[in-house]
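Here the structure is laid out as structure tokens; the discussion comes afterwards.
The values are calculated or read from the model by the stated rules, or taken from the named source; none is laboratory data. These figures come from a predicted structure and were not determined experimentally. Cβ sites come from the backbone with ideal geometry, for glycine too, and all protein chains shown count toward neighbours. SASA here: full protein model, heavy atoms, side chains in, ligands and nucleic acids out. Shrake-Rupley method; radii C 1.70, N 1.55, O 1.52, S 1.80 Å.
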Amino acid sequence: MLGGEYFNYSQFDLEAVTQNSPTDDIPTLNTGSTRTKTTTSKTAYRILSGFGRLNYNYNMKYLLSMVFRYDGISRLKDNRWGFFPGVSLGWNVMEEEFWKDSKLSDIFSNLKPRVSYGVNGNVNGLGNYEVYGTYALTGNTYGGETGIYNKELVNTQLRWEQSQTFEAGLDMGFFNNRLSFILDYYSRTTKDLLTDLALPGYTGFDKIRTNLGSLRNTGFEMEVRANIIKSKDFSWDLTANLSTVANKIVKLPENGVAKNRVGGDQVYDPKKGELVWVGGRQEGGKLGELIAYKQNHIFRDWDDVKQNANMRIDNVANLYGPGLADQINPATKKTYRESDGWKPIEPGDVCWEDMDGNQVIDSHDRYVVGNIFPNITGGFSTTLNYKGISLYARFDYALGHTLYNDLKARTLGQYQGTWNIITDVKNMWTEENPNTDLSKYYFGDQVIKKNITRSNNGSTAANNNNSNYYEKADYLALRELTLSYNLPKAWTSKCFIQDASVYVTG
């Protein structure tokens, strides 16, 4: 099969607004005495493609499929065209004579190993005219004239983002396919990622679009179908799937930094006894890491404070231990007790984990508390049928990822002072409730003790908060439940209806 495709997208928008019309009965703009807004916009892009596919099988034993696409898009300039091929091979073992004569053929009803390789292209997120230069209007006019300026740097060398995927799989069926499995291992490397690269301020631009590095995703996928019970009046079917994924940054552009790191944070690793980089993007690293300050416990009383933080400085929240109260603060040249903006560490405050053991809590005393991406995702569905009555349920799940509970943090910290209090406030530290993992209640904790949010100052940022507010995000959710009844054909035939059913779903 050979084919071609031409796609043309064009959009023109016009918006005009007037005020002080004498009546709303006349819908035209000319009745308004004051024109308040007139604006137009226009955008377009085109894609020209050629594609083909070749399928071949030999006696239904050996299967071959080859496909290709050759695409050109107006969003790119110097590297507009991309070639994206794919090939797959399969072997129907069940069709081999040696298999048909074996005892295994009484158990296996399907056995097909397969392997494939393909390349996909992507330009999503790239503006229609970005490679030709993007301009914008200045906020103010000069001499009554509108000013136009170059908004973004031009990079005419941008290329298609390409994903190269290798996949090896196995299809198996047992007992006349009443039980079947589809197993797949895949490795997908995406190179020439379309990414914004930060620029120094002296360039006059904050970023430039580039084809930055490559990312590899590997994982395993499985699907199971089972006809558990099958009789005249009753049947039970079950379908389930599972997938795993692990990402790794393979290559980044050379930038003179170790592992060509872009962004990230430096924290102290007690196991290595040195500072390490986490988060951001670096070769060999992962995406989605969450970074937090680790809560060791809540100070129960003054004895606890003196034992664990007597000489401690918290540079994140400007707090000092009781043993430093009358010592000189180098930043203010006054004692810590007399220094404006400094407060004492007290019972009910968080005892932070001092990762480097230097009695100073700062940005180095953080660690990777989890990852936003699940390790395992999947779902399952089940169907029960009995004499025309059917019950269908569909579930999905995810395992191995972490979320920041901003709602809990925001309400217990009263960042704005207008939030209703959740019942967890009853478990926060008081003199009568010293053995708890929730700090003392403060109105506006982010400007007083920063026991909950830290350097974020009450923002919704996922990083740099109290580790106690990060939670396992594993879940199992019921997405659909349907109960249906197929009306007897003796009823529907009288109304000249072949099939009819009633159902309730939620």
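Each of 460, 446, 478 was placed along the dipole of segment 433-506 (beta-carbon charges, centred on the mean Cα), and the one lying farthest toward the positive end is 446. Per residue, the accessible area of segment 364-505 comes to 57 Å², computed with a 1.4 Å probe over protein heavy atoms only. For residue 82, the shell of other residues with beta-carbons less than 9 Å away shows a net charge of +2, using +1 for Lys and Arg and -1 for Asp and Glu. Charges were assigned to the Cβ only: +1 to each Lys and Arg, -1 to each Asp and Glu. The resulting dipole of the chain about its Cα centre is roughly 1180 debye. Estimated from the Cβ-Cβ distance and a Förster radius of 51 angstrom, the FRET efficiency linking residue 124 and residue 359 is about 0.55.
Sum -39500 (n - 2.57) across every DSSP H segment of at least 4 residues in the chain, then divide by the residue count to get the 222 nm mean residue ellipticity, nearest 500. About -1000 deg cm²/dmol.
Rolling a 1.4 angstrom probe over the protein heavy atoms with all chains in place gives segment 69-188 an accessible area of 59 Å² per residue.
Think of the chain as a dipole: +1 on every Lys or Arg Cβ, -1 on every Asp or Glu Cβ, centred on the Cα centre; then among 298, 397, 500, 500 lies furthest on the positive end. Specify whether the C-alpha gyration tensor of segment 59-160 places it in the rounded, prolate or oblate class, a ≥ b ≥ c being the square roots of the eigenvalues: rounded for a/c under 1.5, otherwise prolate if a/b is larger than b/c and oblate if not. Here segment 59-160 falls in the prolate category. Distance from the C-alpha centroid of segment 260-285 to that of segment 394-434: 29 Å, rounded to the whole angstrom. Model label points for residue 334 and residue 19, set 7 angstrom from Cα along the Cα-to-Cβ axis, are 5.1 nm apart. In this rough spin-label picture, where each label sits 7 Å from Cα along the Cβ direction, the residue 100-residue 197 distance is 6.1 nm. Segment 13-46 to segment 70-120: how many Å between their Cα centroids? Comparing the Cα centres of segment 13-46 and segment 70-120, I get a distance of 56 Å.
Dipole check for segment 224-350: with +1 at the C-beta of Lys and Arg, -1 at the C-beta of Asp and Glu, and the Cα centre as origin, the magnitude is about 660 Debye.
Cα centroid separation, segment 313-354 to segment 155-174: 55 Å. For segment 208-332, with all protein chains present and a 1.4 Å probe, just round the carbon and sulfur fraction of the accessible area to a whole percent. Its accessible area is 50 percent carbon and sulfur atoms. Computed from backbone phi, the HN-Hα couplings of segment 463-479 come to 9, 6, 10, 5, 4, 5, 9, 9, 10, 4, 9, 4, 8, 10, 10, 7, 8 Hz, rounded to whole numbers (Karplus: 6.51 cos²θ - 1.76 cosθ + 1.60, θ = phi - 60°; Gly and Pro given as x). Between residue 254 and residue 81, the contour length at 0.36 nm per residue exceeds the alpha carbon distance by 59.7 nm. Judged by the mean number of other Cβ atoms found within 10 Å, the most tightly packed of the peptides 259-269, 443-453, 495-505 leads the ranking 443-453, 259-269, 495-505.
Extension gain for residue 12 to residue 226 (0.36 nm times residue separation, less C-alpha to C-alpha distance): 71.8 nm.
The apolar share of the surface of segment 373-467, taken as the fraction of accessible area on carbon and sulfur atoms (1.4 Å probe, ligands and nucleic acids excluded), comes to 56 percent. With R₀ fixed at 25 Å, the C-beta to C-beta distance from residue 234 to residue 89 puts the FRET efficiency at about 0.05. A simple spin-label model places pseudo-atoms 7 Å from Cα toward Cβ; at residue 303 and residue 38 they are separated by 8.2 nm. Comparing 9, 490, 155 along the charge dipole axis of the chain, the residue lying farthest to the positive side is 490, per the Cβ-charge model. When volume of the Cα convex hull per residue in Å³ is calculated for this entry, the matching label among [x] 348; [y] 189; [z] 135 is [x]. Stretching residue 271 away from residue 246 to a fully extended chain increases their span by 6.6 nm, per 0.36 nm per residue minus the current alpha-carbon distance. Which far-off residues, 5 or more places away or on another chain, put their amide H under 5 Å from the one on residue 290, with H placed in the peptide plane? Correct list: 369, 370, 371, 372.
By accessible area, using a 1.4 Å probe on protein heavy atoms only, segment 71-201 has 54% of its surface on carbon and sulfur.
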